[in-house]
Amino acid sequence: MEDPRSDRFTRSRLKTRHMVLLSELGRHRSILHAAEAAHMTQPAASKLLSELEQVLGAALFERLPRGVTPTPYGEIMIRRSRAAMAEMNLAHQEVMTLLSGLSGRVAIGTVMTPATGLLPAALCRLKARHERLHVAVEVDASKPLLERLRAGRIDIMIGRILDPAVADELVFEPLCDEPHGLIARSGHPLKDRANLQLADLAREGWILPAQGSILRDRITALFLSNGLDLPERTIETTALPMITHLLAQSDMVVALPREVVRTHLDAGLLAELPIELGLRLDPYGIVTRRQHELSPGGQALLQALRETAAQR
């Protein structure tokens, strides 16, 4: 049940200037520099911050000799203020769009696999209906994309919710899991090896995702659980053009979803080595913010994604 005190705080106490100041304090970690960025004096900024802390009954920043650092309460207010400001900027864009007769803008972030199949098909479907709608696409890992979604910098995300603590803020529509195959160039020496074993692969060069990623952890666990040393000849990258060029020019191998390199496999440029690694990531899906109403452009993109996913 919503606390009525929160509604009174938002309606009567919280001002736009508070949110602007909080956003700049999060960026600059200095009252002086935040005040300059917010076009106010330092005394005015200090007064606004004190007012806010008094109303909330919590210290939002720790004052240090050379600046400020947000407390856990401050981190919450910074994040929510940025999201609120992003919403108002989007509202302004929508109004300007209607006034000018343009078709608006929608931003989406996606992990790699949907970027090679689902999303391009959905965007073609969307453009056939709304050719003047501007779509901005970002391809990244789920964690940074989720931060941008929660901050209002993207409207829709295709990825995973890795932090259960924020799940209540979000709506997740599962789409597909990601079985991974071991991919190499079509002429790789191990391509036709009978009874290929994981031990054979420990001596190969590997292209790996960065330390700390889900896939990297699972590849590490795969080798260690089989009593094998980790591959020593490695290159870390998730950039698909780099990966495909490295594979074409060497005998390196990489664990990738088959869908990501489907065109290369079908063209005979790459091949899947004859071993089942059992590497699968959790399902990815469409993620939106629960308390956020998408713009007409966002709704149109969401519909296109759902229709495209249903046909795959």
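The values are calculated or read from the model by the stated rules, or taken from the named source; none is laboratory data. Values in this document were obtained by computation on a predicted structure and should not be read as measured data. In this analysis, Cβ positions are derived from the backbone assuming ideal geometry, glycine residues included, and neighbour counts consider all displayed protein chains.
Data table
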| item | result |
| --- | --- |
| Neighbours by Cβ (under 9 Å, 6+ apart or cross-chain): first from the stretch 66-78, surrounded by fewer than 15 Cβ atoms within 10 Å (Cβ to Cβ); second modelled with pLDDT under 90 and part of a helix (DSSP H, G or I) | none |
| Qualifying residue in the stretch 200-216 (condition: among the aromatic types (Phe, Trp, Tyr), surrounded by 15 or more Cβ atoms within 10 Å (Cβ to Cβ) and farther than 22 Å from Val253 by Cα) | no |
| Condition met for Arg312 (under 29 Å from Lys127 (Cβ atoms) and assigned to a loop (DSSP other than H, G, I, E, B)) | yes |
| Matching residues, the stretch 182-195, being surrounded by 13 or more Cβ atoms within 10 Å (Cβ to Cβ) and at pLDDT 90 or above | Leu182, Ile183, Ala184, Arg185, Ser186, His188, Leu190, Lys191 |
| Of all residues making up the stretch 104-132, the number that are over 12 Å from the mean Cα position of the chain (by Cα) and either under 17 Å from Asn89 (Cα atoms) or crowded, with 21+ Cβ neighbours inside 10 Å (or both) | 9 |
| Flag for Gly285 being at pLDDT 90 or above, surrounded by 14 or more Cβ atoms within 10 Å (Cβ to Cβ) and within 30 Å of Ala91 (Cβ to Cβ) | yes |
| Residue satisfying condition, being among the small types (Gly, Ala, Ser) and in contact with a Ser or Thr (Cβ under 9 Å, 6 or more places away or on another chain), within set Gly159, Gly181, Gly187, Gly152 | Gly159 |
| Of all residues in the stretch 222-232 being hydrophobic (A, V, I, L, M, F, W, C) and surrounded by fewer than 16 Cβ atoms within 10 Å (Cβ to Cβ), the one that is farthest from Ser142 (Cα to Cα) | Leu228 |
| Looking only at the stretch 160-179, and only at residues there that are in contact (Cβ under 8 Å) with a residue 60 or more places away in the chain and part of a helix (DSSP H, G or I), the one that is farthest from Thr110 (Cα to Cα) | Asp168 |
| Boolean, Ala239 is over 25 Å from the mean Cα position of the chain (by Cα) and small (Gly, Ala, Ser) | no |
| Pairs with Cβ under 9 Å, 6+ apart, first in the stretch 140-159 and under 14 Å from Gly285 (Cα atoms) and modelled with pLDDT of 90 or more, second among the charged types (D, E, K, R) and in a helix (DSSP H, G or I) | Met157/Arg148; Gly159/Lys143 |
| Those strands (runs of 3 or more DSSP E) lying entirely in the stretch 48-155 with at least 2 residues in contact with a helix residue (DSSP H, G or I) (Cβ under 8 Å, 6 or more places away or on another chain), closer than 20 Å to Leu301 by Cβ and assigned by TED's automatic domain parsing to the domain that holds Leu305 | 105-110, 134-139 |
| From Ile235, Ile219, Ile243, Ile207, residue being in contact with a strand residue (DSSP E or B) (Cβ under 8 Å, 6 or more places away or on another chain) and more than 20 Å from Val139 (Cβ to Cβ) | Ile219 |
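Each row is one residue, and each column tells you yes or no for (1) closer than 21 Å to Leu230 by Cα; (2) basic (Lys, Arg); (3) touching a Gly at 6+ places or on another chain (Cβ under 9 Å).
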position	(1), (2), (3)
Ala122	no, no, no
Ala128	no, no, no
Pro144	no, no, yes
Glu147	no, no, no
Arg150	no, yes, no
Leu162	no, no, no
Val171	no, no, no
Asp177	no, no, no
Ala202	yes, no, no
